[in-house]
Amino acid sequence: MASRLNPYLSFGDDARPAMEFYHSVFGGTLVLNTFGDLHAAQEPAENDLIMHGMLETTSGFTLMGSDTSTRVQRTVGNNITISLSGDDGEELRGYWTKLSEGGEVTMELQKQMWGDEFGMCTDKFGIGWMVDISQPQQ
């Protein structure tokens, strides 16, 4: 898979209906995982919130989104993050290094519970970025 650039939208508590709406608009395949599904809920109120949603369309669009955890403040205006993902670790680590330099790393780029390397940062211009390096399929 080549690297790709796609938007990642943050919602308050309505990621499911929003992502289902985008699915009805664009078609394709929609996958929604809740905090409960991924055993990441730290409060019962988070169990049904979407931790990660991804819509991949037949036209080649990818749109990702999630609900904001009850532990994180969401401010409309900074509720979009740009996500880079793919399996070319060398290329994506290079992007990570450049994007995080002079900015703020909010989650180190490291192996995560789902198997990929993942990190989050805000670049020196205040833009949020997520980098996900997928692992080879066995």
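So if I restrict to the alpha-carbon atoms in the stretch 65-104, what is the Rg, and what is Dmax, the biggest pairwise distance, in Å?
My reading of the Cα-based Rg and Dmax gives 13.4, 34 Å.
May I ask you to evaluate 6.51 cos²θ - 1.76 cosθ + 1.60, the Karplus curve with θ = phi - 60°, for each residue of the stretch 3-14 and list the ³J(HN,Hα) values in order in whole Hz, giving x for glycine and proline?
Result, ordered by residue: 5, 9, 10, 8, x, 10, 9, 9, 10, x, 9, 10 Hz.
Leaving out ligands and nucleic acids, and using a 1.4 Å probe, what accessible area per residue does the chain come to in Å²?
Per-residue accessible area for the chain comes out at 61 Å².
Hey, can you grab everything whose amide H is under 5 Å from the amide H of Ser85? Only 5+ residues off in sequence or another chain; H modelled, so Pro and N-termini drop out.
Under 5 Å from the amide H of Ser85: Arg4, Asp132.
Please compute the net charge surrounding Ala2, taking Lys and Arg as +1 and Asp and Glu as -1 over other residues with Cβ under 11 Å from its Cβ.
Around Ala2, the surrounding residues sum to -2.
How much of the DSSP bridge set in the stretch 83-138 is antiparallel, in percent, rounded to the nearest 5?
If we restrict to bridges inside the stretch 83-138, about 75 percent are antiparallel.
What percent does the relative contact order of the chain come to when contacts are Cα pairs within less than 8 Å and at least six residues apart?
Relative CO of the chain lands at 24 percent.
For the stretch 96-109, just list the computed ³J(HN,Hα) in residue order, Karplus coefficients 6.51, -1.76 and 1.60, θ = phi - 60°, integers in Hz, with x standing in for Gly and Pro.
4, 4, 5, 5, 7, 5, x, x, 10, 8, 9, 8, 4, 6
Can you list the equivalent-ellipsoid semi-axes of the stretch 42-117, largest first and in whole Å, using the square root of 5 times each Cα gyration tensor eigenvalue?
Result for the stretch 42-117: semi-axes of 23, 18, 15 Å.
What list of ³J(HN,Hα) couplings, whole Hz, do you get for the stretch 111-127 from phi and the Karplus terms 6.51, -1.76, 1.60, once you set θ to phi - 60° and write x for glycine and proline?
Running phi through 6.51 cos²θ - 1.76 cosθ + 1.60 with θ = phi - 60° gives 4, 10, 4, 8, x, 7, 7, 8, x, 10, 8, 10, 6, 5, 9, x, 8 Hz.
May I ask for log10 I(q)/I(0) of the stretch 1-70 at q = 0.18, 0.20 Å⁻¹, from a Debye sum over the Cα atoms as equal point scatterers with solvent left out?
Per q value, in the given order, log10 I(q)/I(0) is -0.65, -0.77.
Label point 7 Å out from Thr106 along Cα-to-Cβ: which residues of the stretch 112-138 have amide N under 14 Å?
Flagged as within label range: 119-131.
Dipole magnitude of the chain about its Cα centre, charges +1 at Lys/Arg Cβ and -1 at Asp/Glu Cβ only, in debye to the nearest 20?
Charge dipole, the chain, about its Cα centre: 240 debye, nearest 20.
Based on the inverse mean of 1/r over its pairs of different Cα atoms, what is the Kirkwood hydrodynamic radius of the chain, in Å?
With all distinct Cα pairs of the chain included, I get 15.7 Å.
Express as a percent, rounded to the nearest 5, the fraction of DSSP beta bridges in the chain (both residues included) that run antiparallel.
75 percent
How would you order 107-115, 7-15, 63-71, 24-32 from highest to lowest mean count of nearby Cβ atoms within 10 Å?
63-71, 7-15, 24-32, 107-115
The values are calculated or read from the model by the stated rules, or taken from the named source; none is laboratory data. Not measured: the values here are computed from a predicted model. Cβ coordinates were reconstructed from backbone atoms using ideal geometry, including for glycine residues, and neighbour counts include every protein chain displayed. What goes into the accessible areas is simple: the full protein's heavy atoms, side chains included, and nothing from ligands, DNA or RNA. Shrake-Rupley method; radii C 1.70, N 1.55, O 1.52, S 1.80 Å.
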